[in-house]
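Novice: Got a structure for you, written out below as structure tokens; questions coming shortly.
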Amino acid sequence: MAHKLPQIGVLQSLSEDAQTKTLDLLFEPSPAIHSTLLPVVRNAEYSSYSELIDECRPALFDLSSKSTPSNPNPVLLSVVGSHPRLGSKKVDSAQSASEQANLQGQGEQLTELNREYEEKFPGLRFVVFVNGRGRPEIMKDMRARIDRGDFAMEVDAALEAMCDIAKDRASKLLA
């Protein structure tokens, strides 16, 4: 992979542009992610990217505390919406394209599930840590989450998945 993460020990002292690019590699390019997580990056020195991501988790979950199904936090929706739809033909992030490679083919089923999910949870996007799982398992999970119909649980699941994805990305970008 052409992208590399800076050494964690220097991240706090790097320029805002370099810190932003690091967040883009770990999460997704998103002004909402930048505004939410740059203060975490600047707040302390970290001994590992895993530690940094663990410190990002409360900042992300704080967004959900200010959100309800009838009045969702626009920053939260932007953060969650930064992830591409599963099975999308157009994926801007090289990391997401690689992570979703095993979900390609027969895209109409995922397209329909994405549509149904986004109707059930307006403003949210289905986010899951694929982690090598295939289409049938992911679609079963997606169906279960649609049927559960719980907005708050969906927000929590999406934010947890984003942190899991970020940790996985960090381990691969540091390898």
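The values are calculated or read from the model by the stated rules, or taken from the named source; none is laboratory data. These numbers were taken from a predicted model, which means no experiment stands behind them. Reconstructed Cβ throughout: ideal geometry from the backbone, glycine too, with neighbour counts over all protein chains shown. In case anyone asks, the SASA skips ligands and DNA or RNA and just uses the protein heavy atoms, side chains included. Shrake-Rupley method; radii C 1.70, N 1.55, O 1.52, S 1.80 Å.
Novice: Check 28, 51 and return the single one that is among the acidic types (Asp, Glu) and under 23 Å from residue 80 (Cβ atoms).
Specialist: That would be 28, the only listed residue that is among the acidic types (Asp, Glu) and under 23 Å from residue 80 (Cβ atoms).
Novice: While we're on this one: Can you tell which of 28, 55, 45 is surrounded by 14 or more Cβ atoms within 10 Å (Cβ to Cβ) and not in a helix (DSSP H, G or I)?
Specialist: 28
Novice: What's the total number of residues in segment 114-132 that are open to solvent by 20 Å² or more (accessible area, probe 1.4 Å) and either in contact (Cβ under 8 Å) with a residue 24 or more places away in the chain or among the acidic types (Asp, Glu) (or both)?
Specialist: Summing the residues that are open to solvent by 20 Å² or more (accessible area, probe 1.4 Å) and either in contact (Cβ under 8 Å) with a residue 24 or more places away in the chain or among the acidic types (Asp, Glu) (or both) in segment 114-132 gives 10.
Novice: Just to verify a result, which residue in segment 1-13, among those that are open to solvent by less than 60 Å² (accessible area, probe 1.4 Å) and part of a loop (DSSP other than H, G, I, E, B), is farthest from residue 170 (Cα to Cα)?
Specialist: Checked segment 1-13; the qualifying residue farthest from residue 170 (Cα to Cα) is 6.
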